[in-house]
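The values are calculated or read from the model by the stated rules, or taken from the named source; none is laboratory data. Small disclaimer: the values here were computed from a predicted structure and weren't measured. Cβ atoms come from the backbone with ideal geometry, glycine included; neighbour counts cover every protein chain shown. In case anyone asks, the SASA skips ligands and DNA or RNA and just uses the protein heavy atoms, side chains included. Shrake-Rupley method; radii C 1.70, N 1.55, O 1.52, S 1.80 Å.
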Amino acid sequence: MAEFVIFFIMAAVALGAAISMVLARNPVHAALLLVTVLVAIAVMFLLQDAQLLAAVQIIVYAGAIVILFLFVIMLLGVDKSESLHDPVRSQRPAAIVLGVVGLAELLFLVGHHWATGTSSGPGLNDGSGGNVERVARSLFTSYLWPFEVTAILLVVAVVGGVVLARRSGLPPQQELELERDDDDTEPDAMTESTSEVSAP
Amino acid sequence: MNPGWDFHAIAPEIIISATIIVVLIADFFFQYRRRFQTSQLATIGVLAAMVPVVTLAVNGGTRQMFGGAFVVDPYSLALTGFFLAAAYVTLLLSVDYIGDGDYYQGEFYVLLLTSLLGMMVMTSARDLITIFVALETISIPTFVLAGWRKHDPKSNEAAIKYYLIGVLSSAIMLYGMSLVFGLTGSTLLRDIALAAPRTPHTSLLIVAVFLTLVGFAFKVSAVPFHFWVPDTYEGAPTPVTAFLSVSSKAGGFVAMLSIVFFGFFAVPDTWQPALWVLAAASMVLGNLAALRQTNIVRMLAYSSIAQGGFILVPFAVAADGHAARSSFEAVVIYLLIYGAMNLGAFAVVIAFARRTRSAEISTYGGLGSYAPSFAVLMTVFLLSLAGLPPLAGWFAKFVMFRSVLDAGTPGATVLGVIAAVMSVVAFFYYLRVVREMWFHPVPDSVNPEPVQIPLALNAAIGICAAIVLIVGIYPQVFARIGELAAGG
């Protein structure tokens with residue numbers, strides 16, 4: 001019974017927030033309403049006994065992706081009177097058509113049989129522990145090796161990002177010289193050894 | 001539950017991981033004037049990692065961890081040794097190129113070593129998730145390395161193209177893998193091999209295997225997934241290009257070997273036709289396009305596409321006749337030999353570019369008259385790539401054709417004929433550079449004064465030349481490695 005009530009409250013929150021997100025005039029408001037939608041859906045995952053999915057939903061979508069949106073909005077500068085004039089006029093009818101097709105697919109596939117032969121629906125979750133514990137168990141036993149390698153991969157992704165974002169690979173002295181030259185051409189002047197490099 | 005670590009088996013990976021971290025931190029403390037110490041640390045790490053590879057090979061046998069997801073056997077050790085050697089040569093090529101350049105950053109070595117780590121993980125991976133993580137560990141650092149010359153628009157273009165296509169192919173491959181998991185219920189190649197022939201959804205399995213292979217086809221730059229190669233190879237720093245064309249490409253082939261031979265060997269209908277087409281298209285298009293190139297790096301890019309086609313030939317015939325064993329051997333041996341000769345050719349290109357800052361083939365005119373030793377070495381590498389005995393390349397071609405003969409089916413014969421014709425075509429563009437070096441006058445733009453070539457670069461060229469000559473004359477060396485890799 002409680003599950004039923006919570007589902008309808010969260011469904012109403014998600015729907016209301018989604019509609020007002022589409023209609024919002026201020027991009028920051030739209031981003032915050034998107035967070036509301038995502039949190040409401042995370043609660044629905046919890047109702048389905050998918051605790052890990054709920055946590056991932058909040059961490060990845062609400063935590064990382066929407067924050068990224070907000071960063072972009074912040075960097076581009078937020079104008080209260082954001083122009084809502086659509087530069088691509090065909091976008092709106094296309095969105096409506098795609099939405100209708102998506103809804104039809106969803107209705108058609110409910111309870112339908114998939115390629116594996118079993119109908120979609122809640123899977124088995126018996127045995128010990130919730131699914132967080134079971135995911136953790138397989139992550140730290142049978143999939144420990146790729147998990148460890150992923151750790152190094154993530155470190156290197158950060159290192160690579162910093163390397164590319166750093167303004168220049170030059171030692172500080174040369175970097176100053178570059179700034180004085182006020183453009184990005186080759187700084188031959190500073191080192192004697194640069195003359196025979198960077199080709200082809 | 002203890003996953004059961006076997007620290008001897010993962011010692012090479014542990015050493016390289018430790019080196020990555022040490023290099024990353026140590027680089028902060030080295031002064032710019034003494035920046036070469038960073039490369040020395042990286043080199044020491046790579047050489048140290050070879051020690052456990054040797055001790056594991058001496059101990060012999062097969063070691064397993066994580067329920068068979070990680071396997072150390074002669075096959076994985078042979079290729080780990082190859083990747084370490086190729087990375088060592090790449091470090092020798094990079095030291096002066098990166099150290100002298102306007103683009104020096106110590107992180108270069110961190111990225112290179114991480115890509116190497118991905119390759120080492122790949123050789124032992126017998127599980128789809130590990131293979132995927134290994135492939136990403138190979139690729140992501142090389143995206144950054146390709147764009148290393150940040151102020152050069154060509155380098156930016158190289159990185160962006162490589163990145164976008166790499167990410168796209170990863171997504172396609174991951175989709176294929178998820179279908180494989182759905183059909184077979186496991187990510188372990190051993191379990192997939194048992195479940196794949198029994199699945200009733202054969203058509204879906206074909207789609208799944210095809211999508212998985214498409215991801216690797218991008219990585220090994222097989223036609224029609226090769227569009228990024230010429231631009232990326234030309235725009236990236238040349239040592240990085242050498243690394244991409246040898247190590248990164250071999251990484252893709254290792255993944256293909258594991259997936260095809262350990263995962264889907266019992267269902268050849270799912271992969272054989274696709275690989276046949278990829279092999280034929282890569283050989284034809286790679287060789288014909290290489291004929292028209294005027295820039296040596298672009299020519300080597302198309303040549304590497306063509307060589308990739310030759311390596312795909314044994315795959316495409318593996319399930320026919322009694323070719324299973326000889327085709328496995330052929331791929332391993334071809335990869336080892338291709339690595340040595342291609343790294344050698346790029347090493348000479350890098351050394352030559354120190355003199356002329358050019359990669360146009362026309363500037364190679366008269367190299368034989370003012371730098372005969374370089375011209376001889378370049379000739380050796382190019383003729384080896386073409387497959388002329390007694391250089392190592394002929395043995396690579398020989399094992400490839402042997403697998404075709406072992407297969408003996410009409411499809412294999414047609415592919416063999418295409419390979420033979422295209423091997424002849426390849427002579428034209430390799431010999432064009434040779435002719436330019438020996439029979440053409442020195443162009444005015446080139447100053448024939450001798451240029452100091454750093455020791456590291458000379459060492460790299462020497463190592464590659466020695467391998468090409470020794471293996472060409474005593475092919476038993478690599479033949480034995482190939483036999484061991486294929487299971488004793």
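Some notes on this structure:
- Tensor-based shape of the range A:1-79 (alpha-carbon gyration tensor, a/c under 1.5 rounded, otherwise prolate or oblate): oblate
- Lysine pairs meeting the criterion (Cα under 22 Å, 8 or more apart or interchain), as found in the protein assembly as shown: 8
- With all protein chains in place and a 1.4 Å probe, the accessible surface of the protein assembly as shown carries 70 percent carbon and sulfur.
- Over chain B, equivalent-ellipsoid semi-axes from the Cα gyration tensor in Å: 34, 27, 20
- Here the spin labels are modelled as points 7 Å beyond Cα on the Cα-Cβ line, and at A:Ile9 and A:Phe71 they lie 3.4 nm apart.
- Per-residue accessible area (protein heavy atoms, 1.4 Å probe) orders B:Arg298, A:Arg166, B:Arg198, B:Arg149 as B:Arg198, A:Arg166, B:Arg298, B:Arg149, starting from the largest.
- Relative contact order computed over the range A:1-79 (Cα-Cα under 8 Å; 6+ residues apart), in percent: 29 percent
- Largest-first principal axis extents of the Cα set of the range B:304-360 (Å): 52, 17, 7
- Computed [θ] at 222 nm, helices only, for the protein assembly as shown once each DSSP H run of length n ≥ 4 contributes -39500 (n - 2.57): -23500 deg cm²/dmol
- Centroid-to-centroid, using Cα positions, the range B:29-94 and the range A:1-54 are 50 Å apart.
- Prolate/oblate/rounded call for the range B:271-488, Cα gyration tensor, a/c under 1.5 rounded: prolate
- Protein heavy-atom accessible area occluded, A/B pair - total, 1.4 Å probe, Å²: 4000 Å²
- Under the span-like rule (Cα at least 30 Å along the axis, Kyte-Doolittle mean at least 0.5), DSSP H helices of chain B: B:36-59, B:74-100, B:153-184, B:296-317, B:324-356, B:410-439
- Descending semi-axes in whole angstrom, ellipsoid equivalent of the range B:319-403, from the Cα gyration tensor: 33, 12, 9
- Among the residues of the range A:137-156, those with an accessible-area drop of 40 Å² or more from chain alone to full protein complex, heavy atoms and 1.4 Å probe, are A:Thr141, A:Tyr143, A:Leu144, A:Trp145, A:Pro146, A:Val149, A:Ile152, A:Leu153, A:Val156.
- Ellipsoid semi-axes in whole angstrom, largest first, where each is sqrt(5λ) of the Cα gyration tensor of the protein assembly as shown: 45, 34, 25
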